[in-house]
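The structure under discussion appears below in the form of structure tokens.
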Amino acid sequence: MYILKENIVVDFNGVTQRRMAKNIGITEQTLSKILNRKMACSKMIAYCITKLNDSEAEIEDYFERV
């Protein structure tokens, strides 16, 4: 499981959280919990969030393993 690192800002380049959640395949509420560090996520979801935010970034740039 992965949790978003502290002080990391995820910006989907003007696309809404609702749309990003739909693209990832999770609910908007789940995405919000992940981005607010209230919930850990799977490696696949961490990968999707990372790549949608910055295609050159790696999971380790945004998430820590728990």
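Could you work out the percent of alpha carbon pairs in region 12-66 separated by over 14 Å, rounded to a whole number?
Values: 738 of 1485 pairs.
In whole percent, the share of Cα-Cα pairs in region 12-66 beyond 14 Å is 50.
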Exercise. May I ask for the net charge around Asp54, where only other residues with Cβ less than 12 Å from the Cβ of Asp54 are counted and Lys, Arg are +1 while Asp, Glu are -1?
Key: -3
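Would you work out what percent of the accessible area of region 11-66, with all protein chains in place, is carbon or sulfur (probe 1.4 Å)?
Details: 1740 of 3780 Å².
Of all accessible area on region 11-66, carbon and sulfur atoms account for 46 percent.
Around Ile8, under 12 Å between beta carbons, what's the net of Lys plus Arg minus Asp minus Glu among the other residues? The partial results should precede the final answer.
Details: positive: Lys5, Arg37; negative: Glu6, Asp11, Asp54, Glu60, Asp61, Glu64.
For residues surrounding Ile8, the net value is -4.
Grab the Cα-Cα distance for Glu64 and Asn13, subtract it from 0.36 nm times how many residues apart they are, and report the gain in nm with one decimal. Intermediate results must be reported in sequence, preceding the final value.
Working: separation 51, 0.36 × 51 = 18.36 nm, distance 2.28 nm.
Working it through step by step, the gained length comes to 16.1 nm.
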Exercise. Would you mind working out the accessible area per residue for the chain, using a 1.4 Å probe, and quoting it in Å²?
Key: 68 Å²
Quiz item: Which value, in Å³ per residue, describes the convex hull spanned by the Cα atoms of region 1-40?
Solution: 66 Å³
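Which of the peptides 28-40, 7-19, 54-66 is most tightly packed, and how do the rest follow, judged by the mean count of other Cβ atoms within 10 Å per residue? Don't skip to the end; give the middle numbers.
Numbers: 28-40: 15.2, 7-19: 10.4, 54-66: 12.7.
Top of the packing list down: 28-40, 54-66, 7-19.
The values are calculated or read from the model by the stated rules, or taken from the named source; none is laboratory data. No experiment lies behind these values; they were computed from the predicted model shown. In this analysis, Cβ positions are derived from the backbone assuming ideal geometry, glycine residues included, and neighbour counts consider all displayed protein chains. Note: areas computed on protein heavy atoms with side chains; ligands, DNA, RNA excluded. Shrake-Rupley method; radii C 1.70, N 1.55, O 1.52, S 1.80 Å.
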